[in-house]
Amino acid sequence: MVTFVDNNGVLICYFKGQMNTSVCSDLEMELLDHISNYTGKILFDLSDVSYIASSFLRLCITTVKRVSSDRFNIVNANSDVYEIFEVSGLDDLINN
């Protein structure tokens, strides 16, 4: 599940629960619709995420490709989630 909040030019995407393959597939089009026309920064808040699958990493990479890395960041990843980003080499996207 994801909730979108526009906060003064920053689109905050609040994810909740386990970001497994099924969930990521269900929310991919909605996410891409929100970010495709957004001109401000995009922030993925993972404070309520307990697990991410590789499909969530793919969503992050797709987002970076669409908006550029200087307009994208991830915050509030717990240690288990951070470790997955670290192992995949994507920990530079996280600003805890």
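Rule-based calculations on the coordinates, nothing more; no lab input. A quick note: this is a predicted structure, and the numbers were derived from the prediction, not measured. With ideal geometry, Cβ positions are generated from the backbone for all residues, glycine too; neighbour counts draw on all protein chains shown.
Observations
Conditions (1) over 18 Å from Asn95 (Cα atoms); (2) surrounded by fewer than 15 Cβ atoms within 10 Å (Cβ to Cβ); (3) touching a residue at least 24 places away in the same chain (Cβ under 8 Å), marked per residue:
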| site | (1), (2), (3) |
| --- | --- |
| Val2 | yes, no, yes |
| Gly17 | yes, yes, yes |
| Ser22 | yes, yes, no |
| Leu27 | yes, no, yes |
| Phe44 | no, no, yes |
| Ser50 | no, yes, yes |
| Arg66 | yes, yes, yes |
| Ser69 | no, yes, yes |
| Ile74 | no, no, yes |
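- Which numbered condition Leu31 fails, given (1) touching a Ser or Thr at 6+ places or on another chain (Cβ under 7 Å); (2) surrounded by 17 or more Cβ atoms within 10 Å (Cβ to Cβ): (1)
- Tyr38 falls short on exactly one of the conditions (1) surrounded by 14 or more Cβ atoms within 10 Å (Cβ to Cβ); (2) part of a helix (DSSP H, G or I), and that condition is (2).
- Options Tyr82, Tyr51; residue that is assigned to a strand (DSSP E or B) and over 18 Å from Val10 (Cβ atoms): Tyr51
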